[in-house]
Amino acid sequence: MAEQVNFRKLQRQFCGHIRQPDAVPAPDDVEDRRMAVYRDLFFNSINGLLEAGFPVLRSLYDDAAWLRLARSFFATHRCRTPYFARISEEFLDFLQNEYEPLDSDPPFLLELAHYEWVELALMVLDDDTDFSTIDRHGDLLAEIPVLSPTAWLLSYRWPVQHISPAFRPSQPLDQPNHLIVYRNGDDEVGFIEANAVTARLFELLRDNDNASGRLLLETIARELDHPNPAVVIDGGLQTLTRLYKLDIIAGTRKH
């Protein structure tokens, strides 16, 4: 029993030192040269995943500032998954719920991180669409359009899709920045910018069980109090067709 207790204590010290080498001393009987192998291997593996998952965010930091952020995540966050593909989600959770932003951090840190995380999340998302119930060539106006589960509507306060080292906005937008991010039939992830009307149409499609495309567009025309609903329906059909061609709409529900 005593040997088990000592071994567990050694494990905790070993892991604690790898996480926080400046705060937790290494086990006494392990050569520092050997510990350095583990210190570098573990941290560099995680940091490499973060840099690959958040390339734009990484480009906004100098090396020292980025390593400080990555080290903070590595040292303090308790991941709930063993899968490397989920590390980006864990980092986002860390930023949203644990990290205290510094004055040197960009004000759009959380939204940019979320936007970059979405790309990987959609890439690995299981698509459980039952295509036996969907007509790929149905009438988008007369029938019930079916939204793809690999298409998400996102709304941000910042123009996250344009942020780069050369463009770092200091103030949020006056109006919400709507984006539709999607994975198409070739498993490619893309996004389109959406105005308020298209975003509303996406919401109606997402929550729709029994209304035809025409009925959804008539709903929008009423909400807009448009004097000529036919104009809304004609423009809406163009939008529905565009969404269909991008695989954002999978088709229409079979009768």
Being modelled with pLDDT under 95 and surrounded by fewer than 15 Cβ atoms within 10 Å (Cβ to Cβ), is that true of even one residue in segment 89-99?
no
Do we find that T219 is more than 27 Å from the chain's Cα centre (by Cα) and either exposed (fewer than 15 other Cβ atoms within 10 Å of the Cβ) or among the β-branched types (V, I, T) (or both) in this structure?
yes
Conditions (1) farther than 24 Å from L201 by Cβ; (2) surrounded by fewer than 14 Cβ atoms within 10 Å (Cβ to Cβ); (3) modelled with pLDDT of 95 or more; (4) not hydroxyl-bearing (S, T, Y) -> V124 fails only (3)
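For (1) out of contact with any Gly (no Cβ under 7 Å at 6 or more places or on another chain); (2) free of Cβ contacts under 8 Å to residues at least 60 places away in the same chain; (3) among the charged types (D, E, K, R); (4) assigned by TED's automatic domain parsing to the domain that holds A142, each residue gets a yes or a no:
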{"position": "E193", "(1), (2), (3), (4)": "yes, yes, yes, yes"}
{"position": "A199", "(1), (2), (3), (4)": "yes, yes, no, yes"}
{"position": "L204", "(1), (2), (3), (4)": "yes, yes, no, yes"}
{"position": "A211", "(1), (2), (3), (4)": "yes, no, no, yes"}
{"position": "E218", "(1), (2), (3), (4)": "yes, yes, yes, yes"}
{"position": "H226", "(1), (2), (3), (4)": "yes, yes, no, yes"}
{"position": "V232", "(1), (2), (3), (4)": "yes, yes, no, yes"}
{"position": "D247", "(1), (2), (3), (4)": "no, no, yes, yes"}
Would you kindly identify the strands (runs of 3 or more DSSP E) lying entirely within segment 139-214 that contain at least 1 residues that are within 30 Å of D105 (Cα to Cα)?
151-156, 177-183, 189-194
Taking segment 48-62, which residues are in a helix (DSSP H, G or I) and either under 19 Å from E100 (Cα atoms) or touching a strand residue (DSSP E or B) at 6+ places or on another chain (Cβ under 6 Å) (or both)?
L50, L57, R58
Please indicate, with yes or no, whether at least one residue in segment 64-82 is buried (at least 16 other Cβ atoms within 10 Å of the Cβ) and within 27 Å of I180 (Cα to Cα).
no
Of the conditions (1) surrounded by fewer than 16 Cβ atoms within 10 Å (Cβ to Cβ); (2) of a type in the set (D, E, K, R); (3) modelled with pLDDT under 95, R86 satisfies every one except a single condition; which number is it?
(1)
Residue count, segment 215-255, condition farther than 12 Å from V146 by Cβ and not in a helix (DSSP H, G or I), comes to 6
So, of the residues in segment 81-127 that are assigned to a loop (DSSP other than H, G, I, E, B) and touching a residue at least 40 places away in the same chain (Cβ under 8 Å), which turns out to be farthest from R58 (Cα to Cα)?
D127
Unmet criterion (only one of (1) closer than 25 Å to D128 by Cα; (2) loosely packed, with under 11 Cβ neighbours inside 10 Å) for S170
(1)
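The values are calculated or read from the model by the stated rules, or taken from the named source; none is laboratory data. In this text the structure is predicted, and so the values were computed from the model without any measurement. Note that each Cβ is placed from the backbone with ideal geometry, even for glycine, and that neighbours are counted across all protein chains shown.
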